[in-house]
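J.: What follows is a structure written as structure tokens; I'll ask about it next.
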Amino acid sequence: MSKINNEMLNALRRENLTPDVLTTTPPKISRCFGRIWYNMIKALHAVHVEFHLIFKLLCQRGQAVYRPINGGYGQIYDVIYLFTCRILKSNIFIHHHSFNYLNSYSRLFRLLLVAAGGRVTHVVLGEKMKADLCTRYSLNPANIIIVSNLAFFDNANSFEHWAGKSLVLGHLANLSVEKGVDDFISVCRALSDAGISFKGVIAGPISDAGSSSLIEAACLEMRQVEYIGPVYGDAKVEFFRSLDIFVFLSKYKNEAEPLVLYEAAEHGVFLIGTERGCMAPVIKSLHGFVVEDCSDTVSEVVLEIYNIIDGDVLTCDAREYRRGLFNAMRSQAAGNLKALINLMGEKFVSGPV
């Protein structure tokens, strides 16, 4: 979410708009998360933001306010900010990044909608998010704009695939059981037991001690499995470029549209993932494989990998074709983002981001 916030700000500036940015959770406050005084500091900062917001909107009445809302109890602050924007007759743009209030009905989110009023444009990540908003909260589809996270990707880099001698599987996330590192390890174990020649690469920061133990044990048990730690910049590009298959078996209930799927697809990597959030249509559009929630996840993935080994989906031509699909989707998403920014108008005042 923070990455997309920054990319959205850059996109506005590229259109010669100069938004005023109010940061509701500065980095110094974020570092205190989980400590006793965190909520007190956050509340005091929210008072500061509220006064700043009122001042800005009084000076520039009727302008656009862009707010990427929280997924959980942080919406309490969103209610206050958006009600202020409504009272001061702003044109509100709400950007949705979580399925927390879409997987089940949320009274807090309903309160947020009431506080924001009718002059709201909702920005969602995909058709499923749009449909869920309409179904659960009776929103008018005409007030909803789809802008995929893919809109914030630059044109794909030139294609160069590392040609390994064996199958290369990868998993990148904030590593946890919720994000599927345990299932990735189970898939690797099943392939190892079957005598399949492969390499399994795990990347990303480890979220908890339990996941750390799982990863350490897997690397000791299977010489084919390697943990390379967090990867950024060129190291991340090399990670995705080296893969044949990217496996993201997320069980995280609030999963929306993870950027890692697009980061892998940019290099033509074959995608395997679950149905969470907007993942299924993304993976299917890129000719990957979606594991249904009701299935035996590991068995389904292993069977699909067997089929892949016997097929032609990992050839250079197939990989280049998937990159073509990625580029076409990226162009469409960029067009949607352009339309959103045009809708916001020439004069733009940003809400808290």
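J.: Could you check residue 240 against (1) modelled with pLDDT of 95 or more; (2) of a type outside the set (D, E, K, R); (3) out of contact with any strand residue (DSSP E or B) (no Cβ under 9 Å at 6 or more places or on another chain); (4) open to solvent by less than 30 Å² (accessible area, probe 1.4 Å) and say which number it fails?
T.: Here residue 240 meets the rest and fails (3).
J.: Consider residue 247 against the criteria (1) over 21 Å from residue 308 (Cα atoms); (2) of a type outside the set (Gly, Ala, Ser); (3) touching a His at 6+ places or on another chain (Cβ under 6 Å): it satisfies all of them except one. Which criterion is unmet?
T.: Checking residue 247 against (1) over 21 Å from residue 308 (Cα atoms); (2) of a type outside the set (Gly, Ala, Ser); (3) touching a His at 6+ places or on another chain (Cβ under 6 Å), the one that fails is (1).
J.: Please find, among 53, 17, 57, the residue that is open to solvent by less than 20 Å² (accessible area, probe 1.4 Å), of a type outside the set (Lys, Arg) and out of contact with any Cys (no Cβ under 8 Å at 6 or more places or on another chain).
T.: The unique qualifying residue is 17.
J.: Within the stretch 20-37, restricting attention to residues that are part of a helix (DSSP H, G or I) and open to solvent by 30 Å² or more (accessible area, probe 1.4 Å), which residue is modelled with the lowest pLDDT?
T.: 30
J.: What number of residues in the stretch 278-305 are open to solvent by 10 Å² or more (accessible area, probe 1.4 Å), modelled with pLDDT of 95 or more and not in a helix (DSSP H, G or I)?
T.: Qualifying residue count, the stretch 278-305: 4.
J.: Another question, if that's okay. If the requirement is being outside any loop (DSSP other than H, G, I, E, B) and free of Cβ contacts under 8 Å to residues at least 40 places away in the same chain, which of these qualifies: 195, 200?
T.: Result of the check over 195, 200: 200.
J.: Please verify whether the stretch 133-153 includes one or more residues that are modelled with pLDDT of 95 or more, among the aromatic types (Phe, Trp, Tyr) and closer than 27 Å to residue 7 by Cα.
T.: no
J.: Something else about it: Name the residue that is surrounded by the fewest Cβ atoms within 10 Å (Cβ to Cβ), counting only residues in the stretch 60-74 that are closer than 13 Å to residue 85 by Cα and in contact with a strand residue (DSSP E or B) (Cβ under 8 Å, 6 or more places away or on another chain). Quick ask: steps written out before the conclusion?
T.: Of all residues in the stretch 60-74, those closer than 13 Å to residue 85 by Cα come to 60-67.
Then drop every residue that is not in contact with a strand residue (DSSP E or B) (Cβ under 8 Å, 6 or more places away or on another chain), which leaves 62-67.
Working: 62: 13, 63: 22, 64: 22, 65: 30, 66: 26, 67: 23.
Among those residues, the one meeting the criterion is 62.
J.: Given the conditions (1) outside any helix (DSSP H, G or I); (2) farther than 18 Å from residue 18 by Cα, and given that residue 49 satisfies all but one, which numbered condition is not satisfied?
T.: So residue 49 meets the others, but not (1).
J.: If you check 95, 52, which single one turns out to be under 25 Å from residue 252 (Cα atoms) and not acidic (Asp, Glu)? Even if it seems obvious, please write down each step before you answer.
T.: On the way: 52 fails: under 25 Å from residue 252 (Cα atoms).
After applying the criteria, what remains is 95.
J.: Still on this structure, I have one more. Just checking, how many residues over the stretch 193-231 are touching a Phe, Trp or Tyr at 6+ places or on another chain (Cβ under 8 Å) and polar (S, T, N, Q)?
T.: Matching residues across the stretch 193-231 total 1.
J.: Let me ask you something else. Looking only at the stretch 306-334, filter to residues that are of a type in the set (Phe, Trp, Tyr) and open to solvent by 20 Å² or more (accessible area, probe 1.4 Å); which one of those is nearest to residue 194 (Cα to Cα)?
T.: Across the stretch 306-334, the extreme among qualifying residues is 306.
J.: Hydrophobic (A, V, I, L, M, F, W, C) and outside any helix (DSSP H, G or I): which single residue out of 94, 54, 80 fits that description?
T.: When all the criteria are applied, what remains is 94.
J.: Identify all residues within the stretch 97-116 that are touching a residue at least 60 places away in the same chain (Cβ under 8 Å), crowded, with 17+ Cβ neighbours inside 10 Å and of a type in the set (S, T, N, Q); write none if there are none.
T.: Result: 98, 100.
J.: Does the stretch 252-260 contain any residue that is within 26 Å of residue 3 (Cβ to Cβ), touching a residue at least 40 places away in the same chain (Cβ under 8 Å), in contact with a Cys (Cβ under 7 Å, 6 or more places away or on another chain) and not in a strand (DSSP E or B)?
T.: Yes, some residue in the stretch 252-260 is within 26 Å of residue 3 (Cβ to Cβ), touching a residue at least 40 places away in the same chain (Cβ under 8 Å), in contact with a Cys (Cβ under 7 Å, 6 or more places away or on another chain) and not in a strand (DSSP E or B).
J.: Go through 94, 144 for me and flag whichever is buried (at least 16 other Cβ atoms within 10 Å of the Cβ), closer than 18 Å to residue 53 by Cα, under 22 Å from the mean Cα position of the chain (by Cα) and β-branched (Val, Ile, Thr).
T.: 94
The values are calculated or read from the model by the stated rules, or taken from the named source; none is laboratory data. From a predicted model like this one, the values you see are computed outputs, not experimental measurements. Cβ sites come from the backbone with ideal geometry, for glycine too, and all protein chains shown count toward neighbours. With ligands, DNA and RNA removed, areas are computed over all heavy atoms of the protein, side chains included. Shrake-Rupley method; radii C 1.70, N 1.55, O 1.52, S 1.80 Å.
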